[in-house]
1. Can you find a residue that is within 12 Å of chain A (Cβ to nearest Cβ) and closer than 27 Å to B:E75 by Cβ anywhere in region B:216-223?
2. If you go through region B:258-294 one residue at a time, how many are closer than 17 Å to B:G65 by Cα and assigned to a helix (DSSP H, G or I)?
3. Find the residue count for region B:57-70, including only residues that are assigned to a helix (DSSP H, G or I) and surrounded by fewer than 23 Cβ atoms within 10 Å (Cβ to Cβ).
4. Would you pick out the residues in region A:159-178 that are part of a helix (DSSP H, G or I) and within 11 Å of chain B (Cβ to nearest Cβ)?
5. Is one or more of the residues making up region B:142-158 within 14 Å of chain A (Cβ to nearest Cβ), assigned to a loop (DSSP other than H, G, I, E, B), in contact with a Pro (Cβ under 9 Å, 6 or more places away or on another chain) and surrounded by fewer than 24 Cβ atoms within 10 Å (Cβ to Cβ)?
6. Quick check on region A:28-43: of everything there that is surrounded by fewer than 20 Cβ atoms within 10 Å (Cβ to Cβ) and within 12 Å of chain B (Cβ to nearest Cβ), which residue is modelled with the lowest pLDDT?
7. State which residue pairs qualify: first residue on the phi > 0 side of the Ramachandran plot and inside region A:253-272, second residue part of a loop (DSSP other than H, G, I, E, B) in any location, beta carbons under 7 Å apart, and separation of 6 or more residues or different chains.
8. Scan (1) at pLDDT 95 or above; (2) in contact with a strand residue (DSSP E or B) (Cβ under 8 Å, 6 or more places away or on another chain) for the single condition B:K167 breaks and write down its number.
Number of protein chains: 2
Amino acid sequence: MVHPAKPDWQFSERARSLTSSAIREILKVTERSDVISFAGGLPSPEGFPVEVIQKAFSDVLATRGKSALQYGPTEGYAPLREWVARDLTAHGARVLPEEVLIVSGSQQGLDLIGKVLIDPASRVLVETPSYLGALQSFSLYQPEFRSVPSDEEGLLPDALSSELCAKARFLYALPNFQNPTGRTLSLERRHALVEAAARHHLPIIEDDPYGELRYRGQPLPGLLGLAQGSGASVFRLGSFSKVLAPGLRLGYIAAPAPLLAKLAQAKQATDLHTASLTQMAVHEIVKGGFLESHLPAIRRLYQRQCTVMLEALAATFPKEAHWTHPDGGMFIWVTLPSGMDTTTLLEAAIKEKVAFVPGAPFYAEAGPRNTLRLSFVTVPEERIREGIARLGALITHTLAASEPRAA
Amino acid sequence: MVHPAKPDWQFSERARSLTSSAIREILKVTERSDVISFAGGLPSPEGFPVEVIQKAFSDVLATRGKSALQYGPTEGYAPLREWVARDLTAHGARVLPEEVLIVSGSQQGLDLIGKVLIDPASRVLVETPSYLGALQSFSLYQPEFRSVPSDEEGLLPDALSSELCAKARFLYALPNFQNPTGRTLSLERRHALVEAAARHHLPIIEDDPYGELRYRGQPLPGLLGLAQGSGASVFRLGSFSKVLAPGLRLGYIAAPAPLLAKLAQAKQATDLHTASLTQMAVHEIVKGGFLESHLPAIRRLYQRQCTVMLEALAATFPKEAHWTHPDGGMFIWVTLPSGMDTTTLLEAAIKEKVAFVPGAPFYAEAGPRNTLRLSFVTVPEERIREGIARLGALITHTLAASEPRAA
């Protein structure tokens with residue numbers, strides 16, 4: 001494009017605060033196929049039911065092509081909203097179809113939540129650490145983030161003091177196999193969290209993209225179901241990305257009708273509605289119970305890959321490092337000795353043709369420099385072993401080099 | 001959903017300014033199939049190439065299913081970006097693939113433009129009247145709208161005074177078969193507009209969803225092509241909604257690389273990326289030149305429907321009314337005698353089972369009450385005649401009832 005040498009446009013304050021994310025830059029480097037990348041949060045394509053999806057798109061176009069290709073209602077395709085409401089109800093949270101908004105991936109759900117609930121300088125509570133994509137999405141609306149202290153069982157409900165909750169617009173929580181840590185909020189803490197939320201009038205955004213990917217232990221009740229009747233407000237984000245395929249860009253928000261109406265108005269101004277064809281095809285797939293037969297295979301695949309990575313970590317990482325043992329999902333979180341900096345380590349790792357995401361960007365406020373996230377779902381087993389061995393050797397070497405010599 | 005009697009959440013200031021749109025409420029009423037609705041901006045489903053789309057989705061899933069279902073780059077599917085750049089270049093605007101961002105319908109383009117270029121109270125210039133969806137989308141970022149005076153040839157470049165342009169973030173313009181009026185900016189005015197934009201350092205957002213739907217006269221050069229080398233900054237929004245199908249939700253923004261990078265960062269935070277499968281299927285369709293063979297049929301269909309509506313208007317509307325004669329697109333804009341109020345008229349019209357959109361919401365600042373928008377593309381020919389006859393009779397009757405009786 002031929003354009004003026006000096007730009008005429010002026011960026012908004014919010015745009016000036018946007019910077020290219022660490023994950024984004026890393027993913028660019030690791031697009032080189034010779035790098036073993038544990039960085040991306042890409043589900044394993046082995047789990048995509050390609051033929052089932054192909055048949056569904058074909059059937060919808062063959063039988064209802066004209067309505068599938070036409071503009072549709074902002075709230076979403078009614079039968080899919082009904083399916084989501086029934087599915088949530090079957091999982092213990094009573095939800096009506098009119099309380100479901102279909103969105104273009106749950107990332108869009110985060111953007112709409114930000115649009116509708118965050119003013120500049122509004123307080124937003126997040127876990128320590130939290131999902132980077134949510135921090136980026138909310139950041140566009142310029143909140144003041146406050147981190148809720150957390151440990152290996154998730155956030156600490158006792159830390160939700162009146163001072164911390166005062167004027168907070170909401171708490172953003174990922175109770176199951178959290179991104180980035182893989183940790184799960186314990187049942188006891190779920191009860192305590194919902195109780196604290198009711199006491200402090202603190203709405204909770206429950207983001208649960210990984211909940212169906214549990215391969216160990218018993219499923220725990222979701223925050224939305226636990227909150228019903230407790231006096232706490234919980235709004236839930238869900239996604240078809242991890243149970244079907246992320247390239248479809250399909251998710252939902254479940255929220256009380258008055259909030260849902262406002263979210264739908266914001267969505268109308270944002271992209272009118274989510275693709276009709278995609279919604280109808282996904283409904284075609286899920287309506288007959290496909291996920292019940294499909295999910296066990298995904299869970300087995302992810303469990304196997306998780307086990308391989310945990311074994312490789314135990315075999316090759318130095319004893320000073322420790323890491324999470326997730327019951328589901330896609331991620332393991334590693335903590336290295338406190339002197340190490342994983343951002344520096346990444347540069348060395350790329351030279352060894354292995355990649356991960358440094359932990360620092362997942363902290364809304366200043367956090368430790370010695371953590372990192374590993375995804376075990378994108379890379380095949382033998383490459384997991386090879387990549388973790390390379391990383392383990394690099395960390396051992398870096399540690400040895402930094403130790404003072406014996407006198 | 002069982003939730004607290006008193007909501008715990010607090011809406012953002014921008015959310016409180018959102019109200020349900022007139023179009024939205026009207027569309028709900030007119031979903032009743034017994035209403036002849038000229039209200040919606042829905043393209044005729046007769047023009048959707050259902051089988052071609054079915055084959056494209058099927059082929060992409062059969063041959064590249066795993067990548068079509070995986071997360072993809074925020075900027076869009078590279079071959080589709082290349083196609084858009086080549087297509088724009090063939091239409092007289094030199095654009096490189098890296099200057100193209102694929103978006104989820106051009107409505108999302110409007111949202112991203114608002115996110116990246118509008119601060120609260122930023123001045124934004126719009127035509128009089130302008131596209132309601134753009135006013136809604138920009139409104140979320142709380143600009144100060146200023147209307148540029150316009151006549152039947154579109155906006156008046158001479159009205160772009162230094163005072164009006166001072167500190168304006170951009171001018172939003174629809175040069176071809178504008179929504180809602182159907183009018184087209186003349187060639188002379190296009191040149192004058194680009195010159196004024198260069199002089200005032202006023203960026204122009206050129207929104208052109210209807211440009212390929214010209215069925216009368218010669219195509220006029222787009223603002224982006226005209227601006228190149230002139231010193232003016234033009235950013236272009238395009239859409240596949242009117243040339244293929246709106247239910248796919250696919251469009252693009254063409255902008256200089258530094259602006260495009262910022263828009264892509266905003267898009268990443270907004271919905272990560274547009275569905276990979278949809279992008280690949282649409283590329284499959286357009287790459288071999290399908291639109292060149294498909295568009296003439298759409299143009300013929302729309303021209304026929306436009307002619308039918310113009311004839312019906314001439315035959316049944318009172319002589320005091322006048323209306324536009326579009327050379328393309330989907331809309332006719334009617335101006336009734338100055339005493340009439342089309343919002344009141346709509347209520348009466350719904351009782352007669354015919355609907356339109358009152359003109360008032362299309363004005364960013366207070367506008368006349370006696371205008372209305374008619375779409376001629378959704379309703380079949382015989383229903384156009386019937387609906388316009390009902391509306392003409394109603395207007396004639398309303399006019400007669402309001403006239404003072406002869407002494």
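1. Within region B:216-223, not a single residue is within 12 Å of chain A (Cβ to nearest Cβ) and closer than 27 Å to B:E75 by Cβ.
2. 10
3. Going through region B:57-70 one residue at a time, the tally reaches 8.
4. A:C165
5. Scanning region B:142-158, I find at least one residue that is within 14 Å of chain A (Cβ to nearest Cβ), assigned to a loop (DSSP other than H, G, I, E, B), in contact with a Pro (Cβ under 9 Å, 6 or more places away or on another chain) and surrounded by fewer than 24 Cβ atoms within 10 Å (Cβ to Cβ), so the answer is yes.
6. A:E31
7. Pairs that qualify, where the first residue is on the phi > 0 side of the Ramachandran plot and the partner is part of a loop (DSSP other than H, G, I, E, B), are A:L272/A:Y71; A:L272/A:T74; A:L272/B:G105.
8. (1)
The values are calculated or read from the model by the stated rules, or taken from the named source; none is laboratory data. A quick note: this is a predicted structure, and the numbers were derived from the prediction, not measured. Every residue, glycine as well, gets a Cβ built from its backbone with ideal geometry; the counts of neighbours run over all protein chains shown.
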